[in-house]
1. Using the Karplus curve 6.51 cos²θ - 1.76 cosθ + 1.60 with θ = phi - 60°, what ³J(HN,Hα) values do you get for each residue of the stretch 117-125, in whole Hz, with x for Gly and Pro?
2. Arg175 versus Glu227, label points 7 Å from Cα toward the beta carbon: distance in nm?
3. Sorted from largest to smallest, which semi-axis lengths in Å does the alpha carbon gyration tensor of the stretch 216-282 give for its equivalent ellipsoid, taking the root of 5 times each eigenvalue?
4. List the residues, sorted by chain then number, that are 5 or more residues from Trp115 or on another chain and whose placed amide H is less than 5 Å from its amide H.
5. Dipole of the stretch 323-434 (Lys/Arg Cβ +1, Asp/Glu Cβ -1, origin at the Cα centre): which of Leu377, His402, Thr328 lies farthest to the positive side?
6. Working with all protein chains in place, sort Asp166, Asp145 by solvent-accessible area computed with a 1.4 Å probe, largest first.
7. For the stretch 68-122, which whole percent of the accessible surface, found with a 1.4 angstrom probe, sits on carbon and sulfur atoms?
8. What net charge do the residues around Ile161 carry, taking every other residue with its C-beta under 11 Å from that of Ile161, with Lys and Arg at +1 and Asp and Glu at -1?
Amino acid sequence: MSRPSGDRRHPDHGVTDRRDRDARPTDRCPADRRPTDGLPLRTPVPAHHREPVLDVVVPVFNEEKDLEPSVRRLHAHLRETFPYPFRITVADNASTDATPRIAARLAAELPEAEWLRLAEKGRGRALHTAWSRSPAPVLAYLDVDLSTDLSALLPLVAPLISGHSDIAIGTRLARGSRVVRGPKREVISRCYNVLLRSTLAVGFSDAQCGFKAVRRDVAVRLLPLVEDSGWFFDTELLVIAERAGLRIHEVPVDWVDDPDSRVDILSTALADLRGIARIGRALARGTLPTSGLRRGPDGGARGALAGQLARFAAVGAVSTAGYVLLYTLVRPAAGAQAANALALLVCAMANTAANRRLTFGLRGRGGAVRHQAKGLLVFLVGLALTAGSLAALHRLAPGAAHMTEIVVLVAANLAATLLRFLLFRAWVFPVRSRRDRTGAEGS
């Protein structure tokens with residue numbers, strides 16, 4: 001982002017009106033072009049890069065007290081530890097105190113510092129604007145209070161620079177995280193993430209930690225799809241990215257609560273609930289636009305889905321054969337319904353374990369109990385479908401032959417199998433479980 005030199009010398013030199021006008025996310029934003037082809041394959045950032053590799057955005061609103069010491073501390077940390085050129089962008093969204101003048105002075109004194117001014121409030125709006133304007137290949141942001149220890153910044157952006165991941169987030173809820181905050185905020189944070197998991201079936205562990213980064217090629221495609229301009233911006237961005245199959249890297253962070261935080265918890269919570277409802281409706285209708293975010297020449301989705309379907313079908317064929325064999329062995333002693341329930345339960349557990357490893361590529365014991373528990377709930381859906389079919393057969397044809405029972409059950413199982421695949425993919429083994437997690441759960 002270029003800026004006239006007068007912006008540095010004169011903090012009030014007509015910058016406010018011009019930047020307020022230009023900084024709207026819908027104006028002159030290259031990310032607003034919505035290509036339909038997929039993202040290219042990830043490549044590392046060149047080792048020798050003259051322009052800034054990393055642009056760290058600090059969104060602020062009336063932060064005259066914390067802005068200068070925080071930016072100077074961040075600047076010193078990056079100069080000492082970051083091996084590439086960098087830039088710090090202060091994104092002031094409609095501050096009414098001395099924040100704009102302090103930001104302009106910092107930009108004049110620190111060669112790597114920039115600032116922009118927006119006429120309207122909204123953290124999401126500030127990030128959208130700053131990221132859309134930046135030419136840096138890796139874009140990040142952190143809260144001005146620096147609640148997150150800066151030692152996690154390099155681990156946060158390293159997977160993006162190397163080409164390993166698309167997005168990186170700090171998490172306060174993983175093993176290895178060290179968090180100091182009051183019980184009220186702890187409960188609110190955990191409840192929010194539980195709500196996200198139960199309603200939107202997300203896999204990422206901490207949506208609201210103010211410590212995130214994204215590759216610019218991803219941001220160009222992703223930002224136009226994010227509607228929220230406030231605190232829900234982070235969550236919406238992550239949900240869309242995860243649904244598109246992008247790789248999200250998680251980094252456990254050390255985090256100390258800012259006792260002077262002025263976030264209105266009630267209004268933020270209500271806005272988040274409205275955002276969850278909006279995204280939930282889009283997911284239910286299948287209208288969430290993620291096609292342009294797929295990796296590879298055709299977006300990378302068709303091959304991955306086809307491979308999963310093939311492996312799932314192979315596991316399903318073996319599982320169905322085992323089900324028929326077990327049902328046939330147990331049926332004479334236990335009766336039709338009991339034999340169906342027992343055979344389905346045993347095969348469902350084996351099916352979940354096989355699909356976990358073969359279809360969705362999960363290894364190790366991490367999450368295995370949770371996956372089996374969800375698999376059993378999926379089993380109940382299959383049980384209801386097959387038991388209902390069997391009951392309907394016996395009602396319509398009380399003297400139906402044993403072979404007729406098997407045919408009806410196999411047909412019902414085929415319908416249950418399709419439903420099982422959809423539930424496995426969207427809920428039991430969501431996107432986060434299928435990517436390489438070198439962050440929180442891999443630490």
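The values are calculated or read from the model by the stated rules, or taken from the named source; none is laboratory data. Keep in mind that this is a model prediction, so the values were computed, not measured. For neighbour counting, all protein chains shown are included, and Cβ atoms are generated from backbone atoms with ideal geometry for every residue, glycine included. With ligands, DNA and RNA removed, areas are computed over all heavy atoms of the protein, side chains included. Shrake-Rupley method; radii C 1.70, N 1.55, O 1.52, S 1.80 Å.
1. Result, rounded to whole Hz: 10, 10, 7, 10, 6, x, 5, x, 4.
2. 3.9
3. 23, 18, 11
4. Val90
5. Toward the positive end, the furthest listed residue is Leu377.
6. Output order, biggest surface exposure first: Asp145, Asp166.
7. 49
8. Result for the neighbourhood of Ile161: +2.
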